[in-house]
Amino acid sequence: MTLVLLLAAVAATAWCVLQRQPGAGSSAAARARSLRSPLVRLADLLGIETVRGRQANQYAAGAVGEKATAARLKPLALSGWTVLHDRALPTGQANVDHLLVSPAGVVIVLDSKKWSAHHPLRVDGGRLMHGDKDVTDWLDGLRHGARTVARVLSCPAIPLVSMEGAPLVGDQLVIDGIRIVPADRTVAVLRALARRHRAAGDHPGERAAALFPPHRRK
């Protein structure tokens, strides 16, 4: 029994170390850990909902969504795409979930979302609605990230959302120039965008990797 407990402790330690490594979802997972203070964890054990506990769950779900998206994107990396995960923006604490550059130099900023499947996602009156909740403002981070990437790389950057969980009313949604697609169609849409658009100037893949380092949240 002692050996079993020891092996379990080693495995748990290894898992925690891996969770702290840079990569898809690493900063969201770090944020979830920082929110789960001892008091929050105690409240969770007692079944008491807290604001910080709810936020931690949202960040943890986001990390899971980012990792799932990263797994879907592996075929692109194998076919010549530059695929960067969880990259820091030059100023502030903001990041982009995934930064992609096609072999032809088309830049796409991809945001992973993992929302409840109990409510559909739709555009109504110029607003993005998840069930009865207006979630339009949740796209502000992607909009800011795409604009920043475009400015730093001096080329267009296409914003795109990969939606896990919440069903879309229609094959895809478009709001304020931001396209939202089901997670299982993300790679097909990325390939289509790369064919439809043409990059101007040099290929920005290497510059993107250098100018947007892995995001590290303390």
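Annotations
- Of note, Leu190 satisfies the criterion of being part of a helix (DSSP H, G or I) and either at pLDDT 95 or above or at positive phi (or both).
- Meets criteria (modelled with pLDDT under 80, within 21 Å of Val181 (Cβ to Cβ), touching a strand residue (DSSP E or B) at 6+ places or on another chain (Cβ under 7 Å) and surrounded by 11 or more Cβ atoms within 10 Å (Cβ to Cβ)) for Ala70: no
- The residue of region 92-113 that is surrounded by the fewest Cβ atoms within 10 Å (Cβ to Cβ), among those that are outside any strand (DSSP E or B) and in contact (Cβ under 8 Å) with a residue 12 or more places away in the chain, is Gln93.
- Here His130 clears all of (1) without any contact (Cβ under 8 Å) to a residue 24 or more places away in the chain; (2) under 19 Å from Val181 (Cβ atoms); (3) not hydroxyl-bearing (Ser, Thr, Tyr) except the condition numbered (1).
- Applying the condition of being of a type in the set (S, T, N, Q), at pLDDT 95 or above and under 30 Å from Asp202 (Cβ atoms) to region 119-178 and asking which residue is surrounded by the fewest Cβ atoms within 10 Å (Cβ to Cβ) yields Thr148.
- Residue in region 134-150 that is among the basic types (Lys, Arg) and assigned to a helix (DSSP H, G or I) present: yes
The values are calculated or read from the model by the stated rules, or taken from the named source; none is laboratory data. Since the model is a prediction, treat every value here as computed from it, not as a measurement. Note that we place each Cβ from the backbone using ideal geometry, even for glycine, and neighbour counts take in every protein chain shown.
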